[in-house]
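The values are calculated or read from the model by the stated rules, or taken from the named source; none is laboratory data. None of these values were measured; they are calculated from a predicted model. Backbone-built Cβ (ideal geometry, glycine too); neighbour counts: all protein chains shown. Note: accessible area is taken over every heavy atom of the protein model, side chains too, but ligands, DNA and RNA are not part of it. Shrake-Rupley method; radii C 1.70, N 1.55, O 1.52, S 1.80 Å.
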Amino acid sequence: MSKEKLVEVKNLKTYFYTEEGVVKAVDGVDFEIYPGETLGVVGESGCGKSVTSLSIMRLVESPPGKIEAGEINFKNKDLTKLSNKEMRKIRGNDISMIFQEPMTSLNPVYTIGDQIAEAIMLHKKVKRKEAMRQAVEMLKKVGIPLPEQRVKEYPHQLSGGMRQRVMIAMALSCDPQLLIADEPTTALDVTIQAQILELMNSLKEKYGMAIMMITHDLGVIAEVSDRVAVMYAGKVIEYTDVDTLFEDPKHPYTWGLMNSIPKLDRDVDRLEAIPGSVPSPLNFPDGCKFNTRCPLAEGKCYEVEPDLEEVVKGHKVRCWRYKELEKIKQRGERIYSNGGVLG
Amino acid sequence: MAEKLLEVNNLKKYFPVKAGIIKRTVAHVKAVDDISFYVNEGETLGLVGESGCGKSTTGRTILRLLEATAGEVLFEGRDVMALNKSQLREIRRDMQIIFQDPYASLNPRMTVADIVGEPLDIHKLAKNKKDRNNKVKEILENVGLGAEYMNRYPHEFSGGQRQRIGVARALAVDPKLIIADEPVSALDVSVQAQVVNLMQDLQKEFGLTYLFIAHDLSVVKHISDRVAVMYLGKIVELADKRELFKNPIHPYTQSLLSAIPEADPKKKKDRIILKGDVPSPVDPPSGCRFHTRCPKAFDKCPIIEPEFKDYGNGHYAACHLLEE
Ligand SMILES: Nc1ncnc2c1ncn2[C@@H]1O[C@H](COP(=O)(O)OP(=O)(O)OP(=O)(O)O)[C@@H](O)[C@H]1O
Ligand SMILES: Nc1ncnc2c1ncn2[C@@H]1O[C@H](COP(=O)(O)OP(=O)(O)OP(=O)(O)O)[C@@H](O)[C@H]1O
Ligand code: SF4
Ligand SMILES: [Mg+2]
Ligand SMILES: [Mg+2]
């Protein structure tokens, strides 16, 4: 890849200092995003996806949160080192974010027109009237019917899908180079999700921005990503392009995740189930953090944490025994039981 | 020949919408509006549809946790709506429900032994304390939780384990039918498979019948024998699952299936993107309820309601296109 990186996150650590102890929410995250590309970030609840994105935006609540280590290079500036004022400028102009629950980021007492116009005025030197005109224009672009009327409405008058469109309109109004979307469709129905994903794809083509798409849905990941970072317990455990990830997952967790979801186009009698559950971030195990659930874990896995290692060009894996998994896959065997809890 | 365990005929559940100081009823939410289906003994019927289409209301009305507005529910041929309180309690031994939220549905102040043992007490199924203890132990083992968990409280368990406790509680009275209302939706992806596998095992072992409610079509496809698709209080299509997923005949099912993102980047689906939002169930569209979003709607659709009919081999649907 000869293109210049837009974002490079290196060994990011964001901790929360709570009464119960130190929550290592993000504990060594590495990835890159190239201009115009979509990075998918996937992982289970609590693995640190949102905290990673909030860290990039420098919106982690502090205290109790703190970016403990690492770099977030954006166009060759380390965002972790910027002043709050410099960061505000980046947020208004270069990076925007949309959240899972749009109601939390829309102000209920202002019309949506006011809110979008406000965002436009913040970074473009235009008068209110012009900003309002542009707001209507933006709503049209995100496919809201009767935008002249809608600008006068309040958030509660809109459906979930409409609100998410408004959020996207707002996020795009500053022409960002990076759009961070934190589960933008999780709260929506599938037919509405399909509308929003299609919208995001067409806008991406038109505006050429990069997207960081956070989701726990492997289907959405397959649909939108160019490259994927799989997270587990505060770390990226696998990182590669989307085709390779689905064709040749090398981490036992990624493999398990893919086999534990039923597929629409293939019938299996039983699902393979990953045993146990995600460990608490207050109490991660020594060694590899997946060792409490991994059927391949042995000796070293319980003692030393593996690095995120580039094992094939462009394919990084954090596992001591990825070669073992390779052999098992070649033999066409399973690594997870599909016998369920009864045997 | 398969026996019908549960039969639902023309079931309706309307919720009043009240307004003003004297709380006059000004309209009705037509949450479930004239649906009919049956579930055979030992099978799993999946019930899918988008948020608010009436899936949970259907489940609750069948169990009479909500009183129906109209219609008939037959369980082993008995009219559930006509039962008095004590008869209802008795029949609820045979019909159990599992809820979506494994956090909210378990009493945080009860131990696991008491949560699972309570239905045994209600239905007087344990001879004495020791018998109750043994029974609870056995049920917990059935769902993969050892006896060492008996005296713990719900908060000490993970989501998947809590959902197993919910399953154990439902199993305690040895039911015939379990209505599972989104039993895996609140769980982490990697944990869902554990609970799905468990439910399949238990079905085999105890000959259970399931009404499996969910909005995730791939999970429903996996676990069900037949699938019913709901839209705005109506069942629009119902068929054997392979048939339904391979050959959906209702335009709503077709677009719903096309909208699901599949975990395969090589697959480029032909999407049917529906316009607009789901209309309100308070004042649903006239004629066919789907006509406001249907890509194939024609003159008849907004005027006449299509009939829910069998188009061959138990493949039911309600759409005017099919009558042509
Ligand atoms: N303000 C906070 N104080 C303490 N712990 C926090 C705080 N915010 C997040 N955490 C913890 O950090 C971890 C990572 O949280 P994060 O929100 O990033 O997860 P996530 O991957 O986005 O999960 P989800 O899929 O549920 O949104 C979790 O264990 C969470 O409890
Ligand atoms: N107790 C109630 N009073 C008034 N309206 C209700 C009540 N319960 C449900 N409704 C309404 O009835 C409709 C159907 O709700 P229901 O909970 O059955 O949907 P659902 O298909 O289970 O949705 P979800 O997928 O979100 O769980 C909705 O419009 C809902 O707002
Ligand atoms: S009846 Fe008409 S509007 Fe309704 S689904 Fe069929 S074609 Fe569409
Ligand atoms: Mg999150
Ligand atoms: Mg429901």
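Some points to look at:
- Tally of residues being within 12 Å of ligand 2 (Cβ to nearest atom) and touching a residue at least 24 places away in the same chain (Cβ under 8 Å) across the stretch B:16-56: 19
- Within the stretch A:270-284, the set of residues being touching a residue at least 60 places away in the same chain (Cβ under 8 Å) and either over 30 Å from A:G21 (Cα atoms) or at the interface with another protein chain (Cβ under 8 Å from one of its Cβ atoms) (or both) comprises A:R270, A:L271, A:E272, A:A273, A:I274, A:P275, A:V278.
- Across the stretch A:205-228, a minimum of one residue is classified as among the hydroxyl-bearing types (S, T, Y) and assigned to a helix (DSSP H, G or I).
- Residue in the stretch A:131-154 that is nearest to A:C174 (Cα to Cα), counting only those that are open to solvent by 60 Å² or more (accessible area, probe 1.4 Å) and acidic (D, E): A:E137
- Residue within the stretch B:219-230 that is in contact with a His (Cβ under 9 Å, 6 or more places away or on another chain) and within 16 Å of ligand 2 (Cβ to nearest atom) present: yes
- A:M170 touching a helix residue (DSSP H, G or I) at 6+ places or on another chain (Cβ under 8 Å), open to solvent by 10 Å² or more (accessible area, probe 1.4 Å) and closer than 20 Å to A:L59 by Cβ: yes
- Qualifying residue in the stretch B:257-265 (condition: open to solvent by 50 Å² or more (accessible area, probe 1.4 Å) and free of Cβ contacts under 8 Å to residues at least 40 places away in the same chain): yes
- Subset of the stretch B:296-324 (residues that are touching a residue at least 60 places away in the same chain (Cβ under 8 Å) and not in a loop (DSSP other than H, G, I, E, B)): B:Y316, B:A317, B:L321, B:L322
- Leading residue by the ranking (most open to solvent (accessible area, probe 1.4 Å)) among those in the stretch B:222-253 that are under 24 Å from B:V195 (Cα atoms) and over 18 Å from the mean Cα position of the chain (by Cα): B:R242
- Residues of the stretch A:252-274 satisfying the condition of being in contact with a Lys or Arg (Cβ under 7 Å, 6 or more places away or on another chain) and within 30 Å of A:G70 (Cβ to Cβ): A:I274
- Residue that is modelled with pLDDT under 90, within 16 Å of ligand 1 (Cβ to nearest atom) and crowded, with 20+ Cβ neighbours inside 10 Å, where the choices are B:P102, B:P154: B:P102
- Counted as qualifying within the stretch B:7-100 are the strands (runs of 3 or more DSSP E) with 1 or more residues that are within 14 Å of chain A (Cβ to nearest Cβ) and over 26 Å from B:G287 (Cα atoms), namely B:44-48.
- Here B:L140 fulfils each of the conditions (1) open to solvent by 20 Å² or more (accessible area, probe 1.4 Å); (2) assigned to a helix (DSSP H, G or I); (3) over 27 Å from B:L47 (Cβ atoms) apart from (1).
- Which numbered condition A:T254 fails, given (1) open to solvent by 20 Å² or more (accessible area, probe 1.4 Å); (2) closer than 20 Å to A:V26 by Cβ: (1)
- You will find that of B:L211, B:L198, B:L202, the residue that is open to solvent by less than 10 Å² (accessible area, probe 1.4 Å) and more than 9 Å from every other protein chain (Cβ to nearest Cβ) is B:L211 and no other.
- Selection status of A:F74, among the aromatic types (F, W, Y) and within 16 Å of ligand 1 (Cβ to nearest atom): no
Here is a yes/no grid of residues against (1) small (G, A, S); (2) within 8 Å of another protein chain (Cβ to nearest Cβ):
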| position | (1), (2) |
| --- | --- |
| A:T215 | no, no |
| A:L218 | no, yes |
| A:S225 | yes, yes |
| A:A233 | yes, no |
| A:I237 | no, no |
| A:I261 | no, yes |
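- Hits in the stretch B:36-78 - residues which are closer than 24 Å to B:T253 by Cα, more than 16 Å from ligand 5 (Cβ to nearest atom) and over 12 Å from the mean Cα position of the chain (by Cα): B:S36, B:F37, B:Y38, B:N40, B:E43
- Members of the stretch A:189-221 found to be open to solvent by 30 Å² or more (accessible area, probe 1.4 Å) and farther than 18 Å from A:T52 by Cα, listed by number: A:D189, A:V190, A:E198, A:N201, A:S202, A:K204, A:E205, A:K206, A:Y207, A:G208
- Residue, nearest to the chain's Cα centre (by Cα), within the stretch B:160-198, restricted to residues that are of a type in the set (G, A, S) and farther than 14 Å from A:P275 by Cβ: B:A180
- Failed condition for A:K49, given (1) modelled with pLDDT of 90 or more; (2) more than 9 Å from ligand 1 (Cβ to nearest atom): (2)
- Any hit, the stretch A:47-62, residues being charged (D, E, K, R) and assigned to a helix (DSSP H, G or I): yes
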